[in-house]
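Only one structure is covered here, and it is reproduced in the block below.
The values are calculated or read from the model by the stated rules, or taken from the named source; none is laboratory data. All figures in this text were calculated on a predicted structure; none of them were measured in a lab. Every residue, glycine among them, receives a Cβ derived from its backbone with ideal geometry; neighbour counts consider all protein chains shown.
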Amino acid sequence: MALSLSLWSLVTVFPRTIRDDQRIRFAPNLPGRSIAGYLLAVAALFCLAWLKDIIPATVGYTTPASLDGMKVPTNPIEVLDLSVLLPLAALSGI
């Protein structure tokens, strides 16, 4: 929890530090909308992929099928993706 809290604190403070004069470092013909669309699409598709595994297990009160044979209740990759990486990708796309 401390990692997520510190990371999201950084995310809320960082945009305030970017000034308009720093934006000139990027090329004027940078395809910003395409990059933003790509980041949003990747975040949405990964979210759907992980939720396809999580929701049936939650509704059926079982462990996800991807964890068969493992002795963990949740997939740590799904936890990191859904709590930190995918929200950051979506925020970067906005």
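For the stretch 57-79, a residue qualifies if it is part of a helix (DSSP H, G or I) and more than 20 Å from ALA41 (Cβ to Cβ), and the qualifying residues are ALA57, THR58, VAL59, ALA65, SER66, LEU67, PRO76, VAL79. The single condition from (1) at pLDDT 80 or above; (2) within 13 Å of the chain's Cα centre (by Cα) that VAL11 fails is (1). Within the stretch 37-75, restricting attention to residues that are modelled with pLDDT under 85 and closer than 29 Å to THR12 by Cα, which residue is surrounded by the most Cβ atoms within 10 Å (Cβ to Cβ)? For the stretch 37-75, the residue satisfying everything is ASN75.
Every residue in the stretch 45-76 that is closer than 30 Å to PRO31 by Cβ, more than 11 Å from the chain's Cα centre (by Cα) and not aromatic (Phe, Trp, Tyr), please. The answer is LEU48, ALA49, LEU51.
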